[in-house]
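For reference, the structure is listed below as C-alpha coordinates.
The values are calculated or read from the model by the stated rules, or taken from the named source; none is laboratory data. All values derive from a computational prediction rather than experimental measurement. Glycine also receives a Cβ, built like all others from the backbone with ideal geometry; neighbour counts cover every protein chain displayed. These area figures cover heavy atoms from the full protein model, side chains too; ligands, DNA and RNA do not enter into them. Shrake-Rupley method; radii C 1.70, N 1.55, O 1.52, S 1.80 Å.
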Amino acid sequence: MADDLKVLGLWTSPFVIRVRIMLNLKGLAYEYAEEDLGNKSALLLSSNPVHKTVLVLLHAGRPVNKSQIILQYIDKVWAGTRPTVLRCDPYKHAVTRFWVAG
Ligand SMILES: N[C@@H](CCC(=O)N[C@@H](CS)C(=O)NCC(=O)O)C(=O)O
(Lines give C-alpha, C1' and ligand atoms only; values in the text may rest on other atoms or scores of the structure.)
Protein backbone atom coordinates (compact mmCIF):
# COMPACT_ATOMS: atom_id res chain seq x y z
CA MET A 1 0.00 0.00 0.00
CA ALA A 2 3.00 2.23 -0.64
CA ASP A 3 1.08 4.82 -2.64
CA ASP A 4 -2.11 4.68 -0.53
CA LEU A 5 -4.38 3.93 -3.47
CA LYS A 6 -7.88 2.52 -3.27
CA VAL A 7 -10.26 1.74 -6.11
CA LEU A 8 -14.02 1.61 -5.59
CA GLY A 9 -15.12 -0.51 -8.50
CA LEU A 10 -17.31 -3.06 -10.17
CA TRP A 11 -15.58 -5.99 -11.80
CA THR A 12 -17.74 -5.91 -14.95
CA SER A 13 -17.26 -2.19 -15.62
CA PRO A 14 -15.04 -1.34 -18.62
CA PHE A 15 -14.27 2.01 -16.94
CA VAL A 16 -12.94 0.21 -13.90
CA ILE A 17 -11.06 -2.35 -15.97
CA ARG A 18 -9.10 0.22 -17.96
CA VAL A 19 -7.97 2.03 -14.83
CA ARG A 20 -6.98 -1.26 -13.19
CA ILE A 21 -4.99 -2.16 -16.34
CA MET A 22 -3.14 1.14 -16.09
CA LEU A 23 -2.41 0.69 -12.38
CA ASN A 24 -1.11 -2.81 -13.13
CA LEU A 25 0.99 -1.64 -16.10
CA LYS A 26 2.65 0.94 -13.87
CA GLY A 27 3.09 -1.63 -11.12
CA LEU A 28 1.17 0.43 -8.56
CA ALA A 29 -0.21 -1.44 -5.56
CA TYR A 30 -3.77 -0.58 -4.64
CA GLU A 31 -6.61 -1.76 -2.48
CA TYR A 32 -9.73 -2.80 -4.35
CA ALA A 33 -13.28 -2.58 -2.98
CA GLU A 34 -16.13 -4.08 -5.01
CA GLU A 35 -19.27 -1.93 -4.95
CA ASP A 36 -22.85 -3.17 -4.92
CA LEU A 37 -24.66 -0.73 -7.21
CA GLY A 38 -27.94 -1.66 -5.55
CA ASN A 39 -26.55 -0.65 -2.18
CA LYS A 40 -23.75 1.85 -2.76
CA SER A 41 -21.32 2.35 0.06
CA ALA A 42 -21.20 5.56 2.06
CA LEU A 43 -17.61 5.96 0.87
CA LEU A 44 -18.68 5.84 -2.79
CA LEU A 45 -21.52 8.32 -2.24
CA SER A 46 -19.29 10.75 -0.37
CA SER A 47 -16.40 10.35 -2.83
CA ASN A 48 -18.50 10.85 -5.96
CA PRO A 49 -21.50 12.88 -4.79
CA VAL A 50 -22.26 14.33 -8.23
CA HIS A 51 -22.59 11.13 -10.32
CA LYS A 52 -22.54 8.44 -7.57
CA THR A 53 -20.94 6.04 -10.08
CA VAL A 54 -17.93 3.76 -10.06
CA LEU A 55 -15.33 4.21 -10.40
CA VAL A 56 -13.53 6.24 -7.83
CA LEU A 57 -9.79 6.32 -7.19
CA LEU A 58 -8.84 7.40 -3.69
CA HIS A 59 -5.27 8.66 -3.43
CA ALA A 60 -4.25 9.30 0.15
CA GLY A 61 -7.94 9.61 0.90
CA ARG A 62 -8.63 12.18 -1.81
CA PRO A 63 -11.14 11.08 -4.46
CA VAL A 64 -10.56 11.31 -8.21
CA ASN A 65 -13.56 10.59 -10.42
CA LYS A 66 -14.23 9.52 -14.03
CA SER A 67 -11.97 7.00 -15.66
CA GLN A 68 -10.48 9.31 -18.30
CA ILE A 69 -9.57 11.90 -15.67
CA ILE A 70 -8.18 9.15 -13.45
CA LEU A 71 -5.97 7.85 -16.30
CA GLN A 72 -4.52 11.33 -16.80
CA TYR A 73 -4.07 11.77 -13.05
CA ILE A 74 -2.16 8.50 -12.71
CA ASP A 75 0.01 9.35 -15.71
CA LYS A 76 0.89 12.77 -14.24
CA VAL A 77 1.47 11.71 -10.64
CA TRP A 78 3.62 8.70 -11.64
CA ALA A 79 5.08 10.34 -14.76
CA GLY A 80 8.47 8.78 -14.09
CA THR A 81 7.03 5.28 -13.92
CA ARG A 82 6.85 3.52 -17.28
CA PRO A 83 4.91 2.87 -19.31
CA THR A 84 3.58 6.35 -19.97
CA VAL A 85 0.14 5.94 -21.44
CA LEU A 86 -0.68 9.48 -22.55
CA ARG A 87 1.64 11.00 -25.13
CA CYS A 88 3.66 14.23 -24.76
CA ASP A 89 3.28 15.16 -28.41
CA PRO A 90 0.06 17.26 -28.58
CA TYR A 91 -1.25 15.52 -31.71
CA LYS A 92 -0.59 12.00 -30.37
CA HIS A 93 -2.12 13.08 -27.07
CA ALA A 94 -5.27 14.23 -28.89
CA VAL A 95 -5.50 10.94 -30.81
CA THR A 96 -5.06 8.94 -27.60
CA ARG A 97 -7.76 10.98 -25.87
CA PHE A 98 -10.12 10.30 -28.77
CA TRP A 99 -9.71 6.54 -28.34
CA VAL A 100 -10.09 6.55 -24.55
CA ALA A 101 -13.01 9.00 -24.44
CA GLY A 102 -15.97 7.58 -22.61
N1 LIG B 1 -17.82 8.29 -17.44
C2 LIG B 1 -17.75 7.48 -16.21
C3 LIG B 1 -18.75 6.31 -16.33
C4 LIG B 1 -19.02 5.66 -15.00
C5 LIG B 1 -20.22 4.73 -15.08
O6 LIG B 1 -21.10 4.86 -15.96
N7 LIG B 1 -20.26 3.76 -14.15
C8 LIG B 1 -21.38 2.85 -14.07
C9 LIG B 1 -20.87 1.39 -14.06
S10 LIG B 1 -20.08 0.95 -15.60
C11 LIG B 1 -22.13 3.04 -12.77
O12 LIG B 1 -21.54 3.27 -11.74
N13 LIG B 1 -23.45 2.93 -12.83
C14 LIG B 1 -24.29 3.00 -11.65
C15 LIG B 1 -25.20 4.19 -11.64
O16 LIG B 1 -25.23 4.95 -12.63
O17 LIG B 1 -25.92 4.35 -10.64
C18 LIG B 1 -16.31 7.01 -16.01
O19 LIG B 1 -15.55 7.02 -16.99
O20 LIG B 1 -15.94 6.66 -14.89
Only Lys, Arg, Asp and Glu count, each charged at its Cβ (+1, +1, -1, -1), so figure out the dipole size of the stretch 5-100 about its Cα centre, rounded to 20 debye. 320 debye
If each residue of separation counts as 0.36 nm, what is the full-extension length gain between Tyr32 and His93 once their alpha-carbon separation is subtracted? 19.1 nm
Filtering chymotrypsin sites (Phe, Trp or Tyr not before Pro) in the stretch 1-45 by DSSP loop and by at most 11 other Cβ atoms within 10 Å leaves Trp11
Roll a 1.4 Å probe over the protein chains and send me the accessible area per residue for the chain in Å². 61 Å²
Applied in sequence order to the stretch 78-85, the curve 6.51 cos²θ - 1.76 cosθ + 1.60 (Karplus, θ = phi - 60°) yields integer Hz couplings, x standing for Gly and Pro, of 10, 4, x, 9, 7, x, 8, 8
Could you state the number of Å between the C-alpha centres of the stretch 1-30 and the stretch 58-78? 10 Å
Förster radius 22 Å - calculated FRET efficiency between Ile17 and Val85, Cβ distance, rounded to 0.05: 0.95
Tell me which lysines have Cα within less than 19 Å of Lys40's Cα, excluding those fewer than 8 residues away on the same chain? Lys6, Lys52, Lys66
Scaled radius of gyration (Cα, divided by 2.2 N^0.38 Å) that the chain gives: 1.07
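Can you give me the % of accessible surface on the chain that is carbon or sulfur? Probe 1.4 Å, all protein chains present, nothing else counted.
60 percent
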Placing one identical point scatterer on every Cα of the stretch 47-99 and ignoring solvent, what is log10 I(q)/I(0) from the Debye formula at q = 0.22, 0.28, 0.30 Å⁻¹? -0.87, -1.08, -1.15
